[in-house]
Amino acid sequence: MESLVIPVIILAVVAGGVALAARAIGRRQAAAREAATAPAPDASELARVAAAKLNEEQHRTLYALIAQGQAMAAIKFYYEATGDGLRASRDAVGALAAHPQPYRGPQAQAEEDLEADDDTPQRFPYRYRAIASKGDVTREVSSNMLNDEIYGRIRTLARSGDIEGAATALTKHSDISMKQAREFIALLDD
């Protein structure tokens, strides 16, 4: 009987170790599933928030680095200017490069937050070009009342089947007629 005590103890320790390992693996898999289903932050919103953390000189310097193709220097500059983490700085610089943001002072930022309604289109200091094509037909809309966010909403409306809503939103944010807007929206079908 004494000869069985040590193997039983070893067997119990091994079984306990296997149970703990299985539990740890299950937790990791659950965390990975949760991270995969979590919604990714919107890049245009991330760019807006990132630009708001910079003063005018920092904003100008960061965009100069981005324009020169110095991504690592831009990330380092943003990291030092804001104190955000390295990964957050990388994501912010990527979003700012993909969705350029004009400098908005603290007062303009506060006013923008107050005026978040979509009824009156905002004029941007740059012209946005939206191009749609199907086959040999290509249409372009160029306006300083469009940006990535507004154009994304128009495309979402078009893809969901609300052609009139998309055309109305496009005419509100550009200087084209309703007929031209419908023709443009018809080309957005992917």
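The values are calculated or read from the model by the stated rules, or taken from the named source; none is laboratory data. The model shown is predicted, which means the values in this text are computed figures rather than measured ones. Here the Cβ positions follow ideal geometry from the backbone for every residue, glycine too, while neighbour counts run over all protein chains shown. Each accessible area value is taken on the protein alone, full model and side chains, heavy atoms only, with ligands, DNA and RNA left out. Shrake-Rupley method; radii C 1.70, N 1.55, O 1.52, S 1.80 Å.
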#### Entry: Per-region count, the stretch 36-79, residues among the hydroxyl-bearing types (S, T, Y), modelled with pLDDT of 90 or more and under 16 Å from Y103 (Cα atoms)
2
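Let's see how each residue does on (1) in contact with a strand residue (DSSP E or B) (Cβ under 7 Å, 6 or more places away or on another chain); (2) open to solvent by 80 Å² or more (accessible area, probe 1.4 Å); (3) free of Cβ contacts under 8 Å to residues at least 24 places away in the same chain:
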site: V137; (1), (2), (3): no, no, no
site: M145; (1), (2), (3): no, no, no
site: G152; (1), (2), (3): no, no, no
site: L157; (1), (2), (3): no, no, yes
site: S160; (1), (2), (3): no, yes, yes
site: G165; (1), (2), (3): no, no, yes
site: T168; (1), (2), (3): no, no, yes
site: M178; (1), (2), (3): no, no, yes
site: I185; (1), (2), (3): no, no, no
### Message
For the stretch 104-121, which positions are open to solvent by 60 Å² or more (accessible area, probe 1.4 Å) and either among the polar types (S, T, N, Q) or at pLDDT 90 or above (or both)?
### Response
Q107, T120
### Task
Return the total of residues in the stretch 163-190 being farther than 11 Å from L146 by Cβ and in a helix (DSSP H, G or I).
16
### Query
Can you tell me which residues in the stretch 130-158 are in contact with a Phe, Trp or Tyr (Cβ under 7 Å, 6 or more places away or on another chain) and charged (D, E, K, R)?
R139
### Task
Search the stretch 63-81 for residues that are without any contact (Cβ under 8 Å) to a residue 40 or more places away in the chain and pair each with any residue that is outside any helix (DSSP H, G or I) and crowded, with 20+ Cβ neighbours inside 10 Å when their beta-carbon atoms are under 7 Å apart and the residues are at least 6 apart or on different chains.
A81/L54
